[in-house]
Amino acid sequence: MILNAYAVLDSCTALLRLVVGLVTAVLAFSLWRRWNAETRAEWQTAREDRSYLVFLLANLLLILSVVSWPLLYLLLQSYVPEWPDVMCIYGVTQVGAGSVGPSRFLPGLLAAMQVLKPALVFLAGSWFVLYLLNRRTHTSPLMPRVLLAVFLFGMLAVCDAAIEGAYLIIPKKEEFLSAGCCTGAFDAEEHASGFFSESSWSENSASWIAPVYYLVNIGMALALLGYILLPAWRKSPVRLLPLCLGALVSWPVVGLFLIVIAAPRLLHLAHHHCPYDLLPAAPESVVALGWFVLGSFCAGWAWLAACCGRSPETVPFLGQEVGKLLRLALWGYAGSTIMLSLELALA
């Protein structure tokens, strides 16, 4: 285990998320079962305090989960000086590759965490959106769905914290690196036939990825504006489904744009396509990426609210709440596209 300030901080937050996530999941599942087995009057009188405790813990877990996402990359950046052949975060992600010891699990654990972190944040926002809808009702008809979402959120947080703890504990420094820099995967000429090669991008991707990026993002912004101006469309999960699918499609498009277009321009290195280097060298691009994440997640939460937040008590205000999420999504997509475009123009 490599000990530095970020490792200690990450270890503490991982342990706290593990404990809070486990307690939250157990309490939420227990209350969910009792809600289905008992009458609503019994729920209001005997278990109101426990529900407050569950939501208090879930809010704490939400904050910890959001913080853990950027903290992971700050931790990886702090590991870069530990190996002489490592030049960026990508090199850290390759530590242990090809090893026969316990460190062979490190790349897989990191890959799992990079998928779990956004999924965890999205699930955290999902239960919170349903919770806010349920708070506006008189008889809490959405409570079983909220508790089920909290239970799933807690279990996923436990899995994420356990994987992160395993990554921190497994030894790393004694392992030999065959390729410690992002150059080997993103820029090397010997990989000229691969997807991440310079020749492949220059000939096949660079000519169309920028138009596709602007088409998708501007299209999402216009679609969001249309949904905002058409209140009747906000309440239908079927009508909101294309917007949710568009948000999913925008993720790989934005990822390719960062690799093919943004990284070389913002890093001022024509043949360097490593998106990890944007964190220390161009942190303003990370802010633009944060706006994009907010926009895409809000589009998904809007569909989830229309799909899972519908009940006779929520119908009068459901469209209004979905509209708020769609406005946030519009700000996210527009802000991300404008900010990244200005950064590229000024680079």
Item to check | Residue satisfying all of: in the range 262-288; open to solvent by less than 30 Å² (accessible area, probe 1.4 Å) and touching a residue at least 60 places away in the same chain (Cβ under 8 Å); farthest from the chain's Cα centre (by Cα) among these | outcome: 272
Item to check | Long-range neighbours under 6 Å by Cβ, at least six apart or interchain, first residue farther than 12 Å from residue 168 by Cβ within the range 103-114, second part of a helix (DSSP H, G or I) and open to solvent by less than 50 Å² (accessible area, probe 1.4 Å) | outcome: 112/163
Checklist entry - Filtering the range 142-155 down to residues that are surrounded by fewer than 19 Cβ atoms within 10 Å (Cβ to Cβ) and under 19 Å from the mean Cα position of the chain (by Cα), which residue is farthest from residue 314 (Cα to Cα)? => result 155
Item to check | Selection status of residue 267, under 22 Å from residue 72 (Cβ atoms) and modelled with pLDDT under 90 | outcome: yes
Next on the checklist: Is it the case, given these coordinates, that residue 68 is more than 18 Å from residue 13 (Cα to Cα), within 13 Å of the chain's Cα centre (by Cα) and part of a helix (DSSP H, G or I)?
Outcome noted: no
Checklist outcome for this item: Residue hits (the range 314-330; part of a helix (DSSP H, G or I), over 15 Å from residue 300 (Cα atoms) and β-branched (Val, Ile, Thr)) are 315
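The values are calculated or read from the model by the stated rules, or taken from the named source; none is laboratory data. Please read all numbers here as calculations on a predicted model, not as lab measurements. Counting neighbours? That spans all protein chains shown, and the Cβs are built from the backbone with ideal geometry, glycine included. Keep in mind that these areas ignore ligands, DNA and RNA; they rest on the heavy atoms of the full protein, side chains included. Shrake-Rupley method; radii C 1.70, N 1.55, O 1.52, S 1.80 Å.
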